[in-house]
Amino acid sequence: MAATGGARGRATTGTIAGFVLRVARESTVLRTQAGMAEAMGVDLTTWQGWETGRRPLANVKAGALLGIRRRLLALGADPHVLHLLDPAMDADRVITATIHPEVNVRHPLACWVHTRDTAHMIAWALNGTVPPALAHRAVTERRGPVTKAPLMPAPDRSVFFARLRETAESALRAGDDGLLLHRQTLYLCSYDRTPEATSWAVHALHSRRDLISARGWTPHWATARSTAAALVRLGDQQPLLDFIERGLAGDDYAESANLNYWAYWLGSIQEPQPDDSFMRHGPTDWDPVRLLRGLAAGLHQAPAYMDLYVHSLWALLNANPWLPLADAVLTGRLAAHTARLLDHGGISPRARRELSAVHYVLRKNRT
């Protein structure tokens, strides 16, 4: 991703996926690029090109890419790392399409609902935050200076965010046809923490505050949810509390949409979704145990969003009262964690009530 504008040519399109490929290679028994290239039956420059992004993995034929994945797995690659290749390629597409938009080509964020893994990949490139799925990976010792993240150069980040803001504004002008693109670009704009960008994002997000004040389910419910979440990232938690109170609690359609969205975001719904309609009319066969695990982990990892996690846990257990019996170890850990949270101040009245109910159900159903 070396280019910041047309004068410098197109940005490298495979940097993030290439970095994930490097992590996958380092988790195998071979470790070295030369050894891996030989095992894959390609020359060293080809493998190095894949890892650096000069030869984007997205350009490799589907059958050949499948063969690479399978061979890496046979060589002992961490399957959790291999799973991240797809969201990494998606993140590369989002960044490249934003920096270098093509005429008459829809932006990828207008075509599908991005996942948590994709968002983590984008954040990794923008600010160097290691995705939780990779946090357990041990750092491989190397000689000399080696990059520790697929971090975009500062000029490229500036161009990315400037054009992301332009895209968000143009999507808003498109009305209902631009809902998905506007929602997702505006959320990603909150990753830019420079003073000028923060001021723009706060203004843009607050202009959508009317959506947060709506009662229960509306066609703009997903936008209201994303708006409230983005404002939390910028340090304003009140809109999220308002959204839970007005746009979520007590409305069956909204509660169902919230759990469907969490199921997609946390991987219980694995089929790609082309738009937000699945939240209201989504699949009902997703795994609630996997969602419980994801929400429990999020309660640890994202304390700023505790009220939303607590309410979602409360709603999930109300809908599935048998869940604590499905994983005794998880139930015990979550019961201990909720007890610690209840012992501390700073919890909103609604969150305290719902957290107390969650804690009671967990302790009551421990095996």
Quick one: is residue 183 under 16 Å from residue 238 (Cα atoms), surrounded by 14 or more Cβ atoms within 10 Å (Cβ to Cβ) and charged (D, E, K, R)? no
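How do the helices (runs of 4 or more DSSP H) wholly within the stretch 221-308 filter down when requiring 2 or more residues that are acidic (Asp, Glu) and more than 16 Å from the chain's Cα centre (by Cα): which remain? Spell out how you get there, then give the answer.
Working: elements: 221-233, 238-242, 252-265, 277-281, 288-301.
In the stretch 221-308, 252-265 are the helices (runs of 4 or more DSSP H) which contain 2 or more residues that are acidic (Asp, Glu) and more than 16 Å from the chain's Cα centre (by Cα).
Name the residues in the stretch 266-282 that are open to solvent by 40 Å² or more (accessible area, probe 1.4 Å) and closer than 21 Å to residue 253 by Cα, would you?
Residues satisfying the conditions are 274, 275, 277, 280, 281.
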If you go through the stretch 43-60, how many residues are surrounded by fewer than 16 Cβ atoms within 10 Å (Cβ to Cβ) and more than 20 Å from residue 94 (Cα to Cα)? 4
Within the stretch 284-325, which residues are open to solvent by less than 10 Å² (accessible area, probe 1.4 Å), modelled with pLDDT under 95 and among the hydroxyl-bearing types (Ser, Thr, Tyr)? none
Among the residues of the stretch 211-227, is any modelled with pLDDT under 90, surrounded by 19 or more Cβ atoms within 10 Å (Cβ to Cβ) and either within 26 Å of residue 126 (Cβ to Cβ) or in contact with a Ser or Thr (Cβ under 6 Å, 6 or more places away or on another chain) (or both)? yes
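The values are calculated or read from the model by the stated rules, or taken from the named source; none is laboratory data. In this text, all values refer to a predicted model and were calculated from it rather than measured experimentally. When we count neighbours, we look across all protein chains shown, and the Cβ atoms used for this are built from the backbone with ideal geometry, even at glycine. Heavy atoms of the whole protein, side chains included, go into the accessibility calculation; ligands, DNA and RNA do not. Shrake-Rupley method; radii C 1.70, N 1.55, O 1.52, S 1.80 Å.
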